[in-house]
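J.: Let me begin by handing over the structure; questions about it come next.
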Amino acid sequence: MTKWKSARAGAMLTVFLLAAGSAAAQTEVPRAFDGNPDLNGVWQAIGTAHWDIEDHPAAAGPPDMGAIGAIPPGQGVVVGGGIPYRADALAQKQQNFENRWTDDPELKCFMPGVPRATYLPYPFRILQGDRKIMFIYGFAEANRTVHMDKENPEPPPLDTWMGRSHGRWEGDTLVVDAQGFNGEAWFDRAGNYAGSGLRVVERYTPMGPNAILYEATIEDPAVFTRPWTIEMPLYRRLEANARVLEYKCVEFSEDLIYGHLRRVPTR
Amino acid sequence: MNRTRNILLPSIAAAAAMLLPAPAPAADYHHVHLTTSNATEAIGWYSRYLDCEPLADRDDGVECGGAQVVFDSRPTLGSSQRTGIDHISFSYPDLTAKMGELEAVGVRGSGVRLQRFQDGSTLRDVPGLFKHGFIFDPWGTRIELVEDSATLGFHHIHLSAADPAATLAWYQERFGGESARLRGRIDGLRLGDVWLLAMQADGEPAATAGRSIDHIAFAVPEMDAAAGDLRSSGVAFLSEPAVPDGGRTGARRAFVGGPDNVSLALVEEGFAGVDAEFDAPVDITTELQPYTVPRTPWGAPDFQGVWTGDAAHGIPLQRPEDLAEVEVLTSEQAAARRERGTLGSIWGYESEWRDTTLGYVRSAPSRQVAMVVDPPDGRLPARTPEGERLLAAARAARRPIAEGPEDLSSWVRCITRSLVPTPGVYNNGLQIVQGPNHVALQREMIHETRVVPTDDSPHVGDAITSWLGDARGRWEGDTLVVEIRNFNGRAPYQGSSDALTLTERYTRTGPDTLEYRFTIDDPKVWTRPWTGMFTFVRDETQYELVEYACHEGNYGMTNILSGARARDAEESGAGR
């Protein structure tokens, strides 16, 4: 207990000094009670990263969905372009792509994992308190608790879809170290993926009151030859009374998953 | 790790205490300390399935072939596997028969979990060694069963070490014992009749403290000398030699850190454990003391933390007729009620799962008679004619054999599980995180999170209905009042409708108690609003919400629907 207290006191002191140093530089960034940037609010990525985090041309979407399901073209979010897959991992990615209309965990309303939850086309809330920062996403009721007050256990206690997240402030940047993934989640609808060795170090840096620069460095030595980074802005949802509404998608996935087990099979 | 506090937790841990004769260099092997959820259950389990016998002189342990296993009740932080003490081992003269017996009882009803080899077998004959196989006890302790006629009964403790040879040398240097090779093949340390073995760990082993094999204890003839020796050899003391609170004798105990994140206890002669009753768990039924609710840095009442409804599990919604005049149950009645509500429904679940949930940690079972506090008679008010009609219609719509997912409940479908978080046999956790103007109430079940605005923002439009509804909150003094509406009515609570307004009141009544009141106002269904109440208990030392990926792993749906289709096939076959 004593150890925890002293560690905490140290952390608060650091925060205070950094905040004092940076306050003059970025006066427009809203500040929380402790002088750190105040990230509270509803945010959303805009773009096509949810379709494919790499550069991609327009393409047909799922069968029978016409232009509603078609894939708009998009510029990739991978810094430097290109994901450094190992050869066998690239083959797996290509297989994922081939099978994307049946295998993508998003189709099944499974939790999206990290970083995919960030840039799915739904809003998410950051709830920033004094001990935890919660991310409440708009898809599959996914959420994360970022522990600002606990030591990061290595290895993480167990594997989950959304991983285990520990955070710290580096100046005005919230750095979140997320590990302990189960390797089931994909990065996008194009089949980009990582395994259970995934570690995502995210950096949330305010670009002003209504935008955050999101950077995520991704490593998984079994899948990639080196760490790589994606980056994109996150925009504040400025509508009055903007909310992350409950979107329980389970029932919309049931036909896909269990349709063959209906009395009158639909699949 | 706050060792003292850990030991004081109401014990569901099992301590395996091996009292051995004394060929003592520096210390004797004394016991292995296991964690189970309930000493009485653990004594029964080890007696029934591993042929141990209840100890005659204390009520928290068993003797297994000359060695004692003592149980200390508290929730575990998980299996022993992959910690610095991977497993313990018992030896039987005819392992084929023993394993056949265990395989026959099955996990359901027994909690015996077999660990199969890759080819599906439970038993393997290692040439030149002996037959062996692995099981888990219901609390997560990995147990190796061997057929070694040279040592029957308790056989060995298997450490998992970054450097096995160095680890064995470490133990020998400090606690004595004799270097030997088990069957001439496996390096080990002989401590009396018990083998200490060490396997190569895959990475750094996890800490044993809090896991199902919590520690190994050594009896030392002279505590001060032994402690001094250990200290001078650089061993870290996790707790200094002292008579533990609640110690049954005046013998002292100390905890030290061994290699590979293993906790070790030193005990003086005469040490007989800690009386579990000494640690008074939180009794949420006792009269409330005045309490000043702490504030967040921005001045709101601070409810943050992880709470559980475990203590309230078993409280019926309505007051039973035969308890009309009873104010509160006795502790014995409450304990019996909770046992009735859990035993029978829990055996067969994964042990770790059951442990961390059935741990029921620092909370005595609530003595509250019923949840309903208004009407004062503890009974639900009369239903309206429309309420009766809805109830009858819902009953009539039930299909005994599901035609598709829609015929199964939102519970089974992993969509949502009870509008009111009344506790059940597992996953009763509630994590509260606060920020300025918002409170997040995250339920462990289904990882559902309600974000409640506490500013004056309006409800969303009436057309936006949902399973959990639209919540708005306000502070009334130190009470968080949450008003929830816009329900889609598809997950009724006690037959509620889409006209429901659910009002929740959270009040922190003590450092570790959070009173929860829920008012059901559904004029379509009931002739008047009614209110229920129970209390959450804070449990941050043992409890952390773990992602409950329910839908993602919903094999139950596949199995139920497959079963239904098999039934269809049978019936159409029978009809021909």
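Residues checked against (1) over 28 Å from B:L159 (Cα atoms); (2) outside the structural domain of B:S160 (by TED's automatic domain parsing); (3) at pLDDT below 90; (4) not in a loop (DSSP other than H, G, I, E, B):
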{"site": "B:P241", "(1), (2), (3), (4)": "no, no, no, yes"}
{"site": "B:T249", "(1), (2), (3), (4)": "yes, no, yes, no"}
{"site": "B:A254", "(1), (2), (3), (4)": "no, no, no, yes"}
{"site": "B:L264", "(1), (2), (3), (4)": "no, no, no, yes"}
{"site": "B:I284", "(1), (2), (3), (4)": "yes, yes, yes, no"}
{"site": "B:Q289", "(1), (2), (3), (4)": "yes, yes, yes, no"}
{"site": "B:G299", "(1), (2), (3), (4)": "yes, yes, no, no"}
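J.: I would also like to ask the following. From the residues in the stretch A:253-267 that are within 11 Å of chain B (Cβ to nearest Cβ) and outside any helix (DSSP H, G or I), which one is surrounded by the fewest Cβ atoms within 10 Å (Cβ to Cβ)?
T.: Among those that are within 11 Å of chain B (Cβ to nearest Cβ) and outside any helix (DSSP H, G or I), it is A:V264.
J.: Now a separate question. Taking the options A:E184, A:E215, name whichever one is closer than 30 Å to B:V412 by Cβ, within 15 Å of the chain's Cα centre (by Cα) and modelled with pLDDT of 95 or more. Full working, then the answer.
T.: Details: A:E215 fails: closer than 30 Å to B:V412 by Cβ.
Of the residues listed, the single one that is closer than 30 Å to B:V412 by Cβ, within 15 Å of the chain's Cα centre (by Cα) and modelled with pLDDT of 95 or more is A:E184.
J.: Please count how many residues of the stretch B:514-549 are aromatic (F, W, Y) and in contact with a His (Cβ under 7 Å, 6 or more places away or on another chain). So that I can check it myself, show each step before the final result.
T.: Initially, the stretch B:514-549 is screened for residues aromatic (F, W, Y), giving B:516, B:518, B:526, B:530, B:534, B:536, B:543, B:548.
Still in the running and in contact with a His (Cβ under 7 Å, 6 or more places away or on another chain): B:548.
The number of residues fulfilling the criteria is 1.
J.: Continuing with the same structure: Restricting the search to the stretch B:437-454, which residues are in a loop (DSSP other than H, G, I, E, B) and at the interface with another protein chain (Cβ under 7 Å from one of its Cβ atoms)? Step through it out loud before you land on a result.
T.: Step one: filter the stretch B:437-454 for residues in a loop (DSSP other than H, G, I, E, B), giving B:437, B:444, B:448, B:454.
Listed by number, the list holds a single entry, B:E448.
J.: Going through B:A180, B:A225 one at a time, which residue ends up being loosely packed, with under 15 Cβ neighbours inside 10 Å, assigned to a strand (DSSP E or B) and in the same structural domain as B:E144 (by TED's automatic domain parsing)? If you could, list the steps in order and put the result at the bottom.
T.: Details: B:A225 fails: assigned to a strand (DSSP E or B).
It is B:A180.
J.: Would you check which residues across the stretch B:466-484 are at positive phi and surrounded by fewer than 18 Cβ atoms within 10 Å (Cβ to Cβ) and list them?
T.: B:G477
J.: I've got another one for you. Only one of B:A499, B:A491, B:A471 is over 28 Å from A:G41 (Cα atoms), within 14 Å of chain A (Cβ to nearest Cβ) and small (G, A, S). Can you tell me which? Steps first, please.
T.: Details: B:A499 fails: within 14 Å of chain A (Cβ to nearest Cβ); B:A471 fails: over 28 Å from A:G41 (Cα atoms).
Among B:A499, B:A491, B:A471, only B:A491 is over 28 Å from A:G41 (Cα atoms), within 14 Å of chain A (Cβ to nearest Cβ) and small (G, A, S).
J.: Can you give me the number of residues within the stretch B:413-436 that are within 14 Å of chain A (Cβ to nearest Cβ), under 24 Å from B:I520 (Cα atoms) and part of a loop (DSSP other than H, G, I, E, B)? Step through it out loud before you land on a result.
T.: Initial filter on the stretch B:413-436 (within 14 Å of chain A (Cβ to nearest Cβ)): B:413-417, B:419, B:429-436.
Imposing the further condition that a residue be under 24 Å from B:I520 (Cα atoms) reduces the set to B:414-417, B:419, B:429-432.
Pick out the ones that are also part of a loop (DSSP other than H, G, I, E, B) and you get B:414-417, B:419.
So the answer is 5.
J.: Show the residue pairs meeting these rules: Cβ distance below 9 Å; 6+ apart or different chains; first residue within the stretch A:80-102 and assigned to a helix (DSSP H, G or I); second residue of a type in the set (D, E, K, R).
T.: Qualifying pairs under 9 Å: A:A89/A:D220; A:Q95/A:D103; A:N96/A:D103; A:N96/A:D104; A:R100/A:R189.
J.: Also, I was wondering about something else. Report, by residue number, each residue of the stretch A:237-252 that is facing chain B (nearest Cβ under 8 Å), more than 16 Å from B:P453 (Cβ to Cβ) and out of contact with any His (no Cβ under 8 Å at 6 or more places or on another chain). Please lay out each step first, then the result.
T.: Of the stretch A:237-252, the ones facing chain B (nearest Cβ under 8 Å) are A:241, A:243-246, A:248, A:250-251.
From what is left, the residues that are more than 16 Å from B:P453 (Cβ to Cβ) are A:248, A:250-251.
A:K248, A:E251, listed by residue number.
J.: So, one more: Please verify whether the stretch B:157-164 includes one or more residues that are in a strand (DSSP E or B), closer than 18 Å to B:G258 by Cα and not hydrophobic (A, V, I, L, M, F, W, C).
T.: Looking only at the stretch B:157-164, we keep the residues that are in a strand (DSSP E or B), and these are B:157-161.
If we keep only those that are closer than 18 Å to B:G258 by Cα as well, we get B:157-161.
Then keep just the ones that are not hydrophobic (A, V, I, L, M, F, W, C); that gives B:158, B:160.
Yes, the stretch B:157-164 contains at least one residue that is in a strand (DSSP E or B), closer than 18 Å to B:G258 by Cα and not hydrophobic (A, V, I, L, M, F, W, C).
J.: Can you list residue pairs whose Cβ atoms sit under 9 Å apart, with the first residue in the stretch A:129-144 being within 7 Å of another protein chain (Cβ to nearest Cβ) and the second being part of a loop (DSSP other than H, G, I, E, B) and among the β-branched types (V, I, T)? Count only pairs 6 or more apart in sequence or on different chains.
T.: Here the result reads A:G129/B:T296; A:D130/B:T296; A:I136/A:V244, each pair linking the stretch A:129-144 to a residue that is part of a loop (DSSP other than H, G, I, E, B) and among the β-branched types (V, I, T).
J.: Can you tell me which residue is nearest to the other protein chains (Cβ to nearest Cβ) among those in the stretch B:527-572 that are under 30 Å from B:R399 (Cβ atoms) and outside any helix (DSSP H, G or I)?
T.: Kept after step one, since they are under 30 Å from B:R399 (Cβ atoms), are these residues of the stretch B:527-572: B:548-572.
Those still in the list that are outside any helix (DSSP H, G or I) too: B:548-550, B:554.
Details: B:Y548: 9, B:A549: 6, B:C550: 9, B:N554: 8 Å.
Per the criteria, the residue is B:A549.
J.: As an exercise: evaluate B:S457 against (1) at positive phi; (2) in a loop (DSSP other than H, G, I, E, B); (3) facing chain A (nearest Cβ under 9 Å) and give the number of the one condition it does not meet.
T.: Single failed check for B:S457: (1).
J.: Would you please list the contacts, defined by Cβ atoms under 7 Å and residues six or more apart or on different chains, that run from a residue in the stretch B:381-408 that is more than 14 Å from chain A (Cβ to nearest Cβ) to a residue that is among the polar types (S, T, N, Q)?
T.: B:P381/B:T527; B:A382/B:T527; B:T384/B:T527; B:L390/B:S497
The values are calculated or read from the model by the stated rules, or taken from the named source; none is laboratory data. Just so we're clear, the structure is a prediction, and the values are computed from it rather than from any experiment. So basically every Cβ, Gly included, is an ideal-geometry build from the backbone, and we count neighbours across all protein chains shown.
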